[in-house]
Every structure is written in structure tokens, then in C-alpha cells.
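*Asks:* Here it is, the structure, as C-alpha cells.
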Ligand code: OOG
Ligand code: MG
């Protein structure tokens, strides 16, 4: 099929169902090797996958940016920003427990979260974006590719809801005067695993908000008032430890943590 033509509806549904099953059964699958999978088709697969989760009773609770930092782009060999969706079932309580064997090959990365006071996709002007953020928080994302060896093309990872698996948000606080260049540390028990700065997120997480607004509008994401937006990891991701305490601190925003159990 030539680029730009609509992807076959059945093929979109079949790929969404295969990814849904790979996740439920914790069995990685090969990357799709199909000619129709371009970026619009990949977002159609992502939407179909979210619809399957909603049909199973999950509710949308936000959106997540991907590849907003060079560290992430370099780690995964992907060079364009992407957007994915968060559901209530993905949220791990701050200080809560995550059972590791509920995922295939999970990784964790430090993030900055924003609480949106308005529907993101309905905002008309970029000048209204910062005012739409009610609070910010330190956060972590647990990513888990449904593809073998955590390897994928840009289209394949978009179809797989940008490797979304889980997220943890720390205490919300009022938006500080500056979000750029806040130090970020992620630790496994007492060991530092990743060190970075919020400046690695496109120079400032505000730019990730702007990119999320554009991508949400372009690709038909619904990001309602009260949603969480993850700005994209500032550092590379680390494989989740077999067990122990995972914590992250963003200078000026505070700490967030969760415990990993083997299962
Ligand atoms: C895709 C998800 C990227 C981020 O923060 O950059 C992402 C992946 O790395 O598997 O969530
Ligand atoms: Mg992320």
C-alpha cells in the first residue's frame, strides 16, 4: 500500500489485538513487518489498543511524551517525538508496589509530570498552555515493549502505545517559577542509576507540553482536564531491578518511589 492511503481497518484491529494479547500474556512478539504501517496507521493501532483497554473497564488518565531527550533517542535509536496514552490501570501509587513479572522486560525512567486543568487538545493558542498546568510532580515511568528484545521502529513503538506500562506520580506542587535545569536522580535502593537535568527534556519540560499539544491534536488523542502528562524521560531507562526500592528526586519538586517485588 502506498504511503498516505488509509491502512486496512482489519489489519489495524488485528495488530492492536496482537499487541493487547502480548501484553496480557507477557509474551513478546516480533515487530510487525507490514507495508501499511506508517505513522497515521500506527496511531490508529494505538487508538484501537486503548479502545480494547477501555472495553475492559480501564479509563484514560493522561498522556506521555516519548523521545523528548537525546539520552532516550540515543538509547532506542529513534529520532522523532511520539505521544502515548496512560490509563488508570497503569498507575502505581507513590510508595506502592509493582509486581515485576506482570511485565515482559520492564524498564524505569525518571520523568516530570504535569497536571492539566484543561482539555489539552481543545486549547487554541500556545500562549494558553502554561496556564493550563495546575501542578507539577516528580514521576517515574515503567516502560515495557511488547516487541522482542525491546527493539522497534518509530511506527512500531507508536502502535505499541509508546511502550507504556506503568507510571508513578509523587506529590503535586504548585508550578515553580522555573522548570528548566532541575537536577534529577534515580536510585535503586542506595545506588544511583541515572543522573540528569530537566534541561535534557527539550531544554525545558515546557517544550514537551507544547509538543504534546501539537501531537495530541495531530493524532486525535483525547487529553481531558485532570489528566497527567509525562514530559518524557530526561535520562536513559534502566531495567527494573528484580526487587527493591526504586526512587527518583527532581530538585525543587520532591521525591517519588515504589517497591518492586518478584511476583
Ligand atoms: C519508548 C517510550 C519513550 C520517553 O520517556 O522517552 C518514553 C521506549 O523507550 O520504549 O517514554
Ligand atoms: Mg517515558
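The values are calculated or read from the model by the stated rules, or taken from the named source; none is laboratory data. Since the model is a prediction, treat every value here as computed from it, not as a measurement. Note that each Cβ is placed from the backbone with ideal geometry, even for glycine, and that neighbours are counted across all protein chains shown.
*Asks:* Failed condition for residue 198, given (1) more than 16 Å from ligand 2 (Cβ to nearest atom); (2) touching a residue at least 40 places away in the same chain (Cβ under 8 Å), with all others met?
*Replies:* With (1) more than 16 Å from ligand 2 (Cβ to nearest atom); (2) touching a residue at least 40 places away in the same chain (Cβ under 8 Å) applied to residue 198, the lone miss is (1).
*Asks:* For the range 151-180, name all the residues that are in a loop (DSSP other than H, G, I, E, B) and either away from ligand 2 (no atom under 16 Å from the Cβ) or under 22 Å from residue 198 (Cα atoms) (or both).
*Replies:* Listed by number, the residues that qualify are 151, 153, 170, 171, 172, 174, 175, 176, 177, 178, 179, 180.
*Asks:* (1) surrounded by 14 or more Cβ atoms within 10 Å (Cβ to Cβ); (2) more than 12 Å from ligand 1 (Cβ to nearest atom); (3) outside any loop (DSSP other than H, G, I, E, B): which one isn't true of residue 101, the others all being true?
*Replies:* (1)
Conditions tested, residue by residue: (1) within 17 Å of residue 162 (Cα to Cα); (2) away from ligand 2 (no atom under 16 Å from the Cβ); (3) crowded, with 20+ Cβ neighbours inside 10 Å; (4) at pLDDT 95 or above.
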site	(1), (2), (3), (4)
186	no, no, yes, yes
189	no, yes, no, yes
226	no, yes, no, yes
231	yes, no, yes, yes
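*Asks:* Select from the range 118-150 the residues that are within 11 Å of residue 229 (Cα to Cα) and outside any strand (DSSP E or B) and list them in ascending order.
*Replies:* If the condition is that a residue be within 11 Å of residue 229 (Cα to Cα) and outside any strand (DSSP E or B), then 120 is the only one that fits.
*Asks:* Something else: Show me the strands (runs of 3 or more DSSP E) found entirely inside the range 181-263 where at least 3 residues are away from ligand 1 (no atom under 15 Å from the Cβ).
*Replies:* Strands (runs of 3 or more DSSP E) meeting the threshold: 183-188, 191-197, 244-250, 254-261.
*Asks:* Does the range 235-253 hold any residues that are under 19 Å from residue 171 (Cα atoms) and within 16 Å of ligand 2 (Cβ to nearest atom), and which are they?
*Replies:* 246, 248, 250
Quick grid of which residues meet (1) modelled with pLDDT of 95 or more; (2) under 15 Å from residue 234 (Cα atoms); (3) surrounded by 13 or more Cβ atoms within 10 Å (Cβ to Cβ); (4) within 16 Å of ligand 1 (Cβ to nearest atom):
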| site | (1), (2), (3), (4) |
| --- | --- |
| 59 | yes, no, no, no |
| 66 | yes, yes, yes, yes |
| 89 | yes, no, no, no |
| 105 | yes, no, yes, yes |
| 109 | yes, yes, yes, yes |
| 112 | yes, yes, yes, yes |
| 119 | yes, no, yes, no |
